[in-house]
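Scroll down for the structure; my scribbles are underneath it.
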Protein chains: 2
Amino acid sequence: MSKNLLLISTSTTHGTGYLEHAEEEVKSLMEGKKSILFIPYARPGGISHSDYTAKAREAFAQWGVSVTGVHEYENAVQAVQEAESVFIGGGNTFVLLRNLYANKLVEPLRERINKGMPYMGTSAGTNVAGRTIGTTNDMPIVHVKTFDALQLVPFNINPHFLDPDPSSTHMGETRDTRIAEFHHHNRQPVIGLREGSMLRINGDTVRLLGPHSARVFLQSKKPMEFKPSDDINFLLDAY
Amino acid sequence: MSKNLLLISTSTTHGTGYLEHAEEEVKSLMEGKKSILFIPYARPGGISHSDYTAKAREAFAQWGVSVTGVHEYENAVQAVQEAESVFIGGGNTFVLLRNLYANKLVEPLRERINKGMPYMGTSAGTNVAGRTIGTTNDMPIVHVKTFDALQLVPFNINPHFLDPDPSSTHMGETRDTRIAEFHHHNRQPVIGLREGSMLRINGDTVRLLGPHSARVFLQSKKPMEFKPSDDINFLLDAY
């Protein structure tokens, strides 16, 4: 079986409920599946694993999918090995990746997902699907022994991608500048996913979904904009 | 001799030149000194060490202070040991800290500065003066073996501190939320320094300078605002 991924920039867009804007795509990803394993490690705002799982459970209940939290299992690796599908929610990317390694889930997740188990991520959960977490927007609130992520796709992702505000007087770096700095030290492509955007990977194809274009950064090139109808399959050939 | 530090939020405020808004405080820090060692490791926008040093050299020339770049020396440790004063400029905090460790400068810097050598930092250079770089805004574009920083002060700093924009529809975390998440995993105080703000540390006292108040975050407390005239010496007693 081939890869089946849904990588969502943000779980909640302005004015819509949790996962609401992605409903059709989530249903399409989950076709024929009745359960999903939720990994709540990123703990947005420091929320507990149980409370975060309850939030995901409520959203999936309306679609007839049952949710269990990985922390509810005695053996997290086995939970991944036996899951029908997996969802990693947003929060802090460093806390998330540190816990994926601490619980020895990186390899088992990679193996199952590369064999076709449906995977969805939002925000930090989308970030860790890339080569490294080197393009996260989050603060490094805990240390991680490596920034290498699940590497389900051969490029990096910047979720919550934000265009510069021309009226701003703030001197902090723009997202474009930060990603250009990234490319002084790393060569993989980066895709900036605006809020409301998603990537749908099906085998050898990747499609941009949602209302916005996405910004693609290649090392030593000017940033490029791609619309949802454009062919962006070259991203899967990145080395 | 006692500590003598100037920690600047941003090198350049909107509408002023490089270091211009901090001129009086830089002169006060440098009183009686004729030279400063510049550490250009943070490479803003990927600029070279030489070009970055030239920029610092130009600014200090008008104040009669000569600048050498640490990369110009064969022995960087010796350069620190013999410097009259040190300035670490802004850019990417991860690249900066990685290079401080790679060049074995963390201990020599700490030792000299704790004995009274004047130190100034801007942005990333201010960040690394704190306990850890866990409250940087920068992207983790290179890995660092530890987030422990120079620890010249016993708290963390968030430079370029930014208040939430009430008109924003962006769902990414606010600075307050990010720092609250930091305090789920770390207990040291964090001070958010708005652009134009500076901290001046002289022995056992710390003063907030510049036109703005600063936002102080203590673990499990509501954030507090302090004006430049307020007593914030409790920050130096943090453990």
Since chains B and A are linked by a rotation, which residue in B has the beta carbon closest to its axis, and how far is it in Å? B:Pro140, 3
DSSP beta bridges in the protein assembly as shown: the antiparallel percent, rounded to 5, is 50
For the protein assembly as shown, what log10 I(q)/I(0) values come out of the Debye formula at q = 0.08 1/Å, with one point per alpha carbon and no solvent? -0.49
Kindly work out what percent of the DSSP beta bridges joining two residues of segment A:90-239 are antiparallel, to the nearest 5. 75
Report, as an integer, the average count of C-beta atoms from other chains found within 10 Å of each Cβ along B:167-179. 5
At 7 Å along the Cα-to-beta-carbon direction for both A:Asp231 and A:Thr205, put a label point, then send me their distance in nm to one decimal. 1.2
Inter-part gap, Cα centre of segment A:91-159 to Cα centre of segment B:177-216, in whole angstrom, is 31
DSSP-loop GluC sites (Glu not before Pro) across segment A:38-120, with at most 12 other Cβ within 10 angstrom: A:Glu74
Write out the chymotrypsin sites (Phe, Trp or Tyr not before Pro) in segment B:1-76 meeting two conditions: DSSP loop, and at most 16 other Cβ atoms within 10 Å of their Cβ. B:Tyr18, B:Trp63, B:Tyr73
At A:Pro154, label 7 Å along Cα→Cβ: distances to the other copies, nm, ascending? 5.2
DSSP-loop GluC sites (Glu not before Pro) across segment B:1-41, with at most 13 other Cβ within 10 angstrom: B:Glu31
Could you do me a favour and compute the accessible area per residue for the protein assembly as shown, 1.4 Å probe, result in Å²? 41
Size of charge dipole - chain A - debye, nearest 20, with Cβ of Lys, Arg +1 and Asp, Glu -1, no other charges: 400
Entries in A:Lys145/A:Lys221; A:Lys34/A:Lys115; B:Lys3/B:Lys222; A:Lys104/B:Lys145; B:Lys55/B:Lys145 that, when Cα-Cα distance is taken, lie over 22 Å: A:Lys145/A:Lys221; B:Lys3/B:Lys222; B:Lys55/B:Lys145
Select from A:Ser50, A:Ser28, A:Ser85 the residue farthest towards the positive end of the dipole of chain A; place +1 on Cβ of Lys and Arg, -1 on Cβ of Asp and Glu, and compute about the Cα centre. A:Ser85
Dipole magnitude (debye, nearest 20) for the protein assembly as shown, charges at Cβ of Lys, Arg, Asp, Glu: 680
Projected label distance in nm at B:Glu107 and B:Arg57, using a 7 Å step from Cα toward the beta-carbon: 3.2
Rounded to the nearest 500, what is chain B's calculated 222 nm mean residue ellipticity when only DSSP H runs of at least 4 contribute -39500 (n - 2.57) each, over all residues? -6500 deg cm²/dmol
Area buried, chain A against chain B - accessible surface, total, 1.4 angstrom probe, square angstrom: 3600
Say a label goes 7 Å from Cα toward Cβ at B:Lys221 in every copy; what distances in nm does this one have to the rest, shortest first? 5.1
Between B:His184 and A:Glu31, how high is the FRET efficiency from 1/(1 + (r/R0)^6) when r is the Cβ-Cβ distance and R₀ = 30 Å? Nearest 0.05. 0.20
Chain B, Cα convex hull volume normalised per residue, Å³: 130
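The values are calculated or read from the model by the stated rules, or taken from the named source; none is laboratory data. Being a predicted model, the structure only gives us computed values, none of them experimental. When we count neighbours, we look across all protein chains shown, and the Cβ atoms used for this are built from the backbone with ideal geometry, even at glycine. The accessibility values were calculated without ligands, DNA or RNA, using every heavy atom of the protein model including side chains. Shrake-Rupley method; radii C 1.70, N 1.55, O 1.52, S 1.80 Å.
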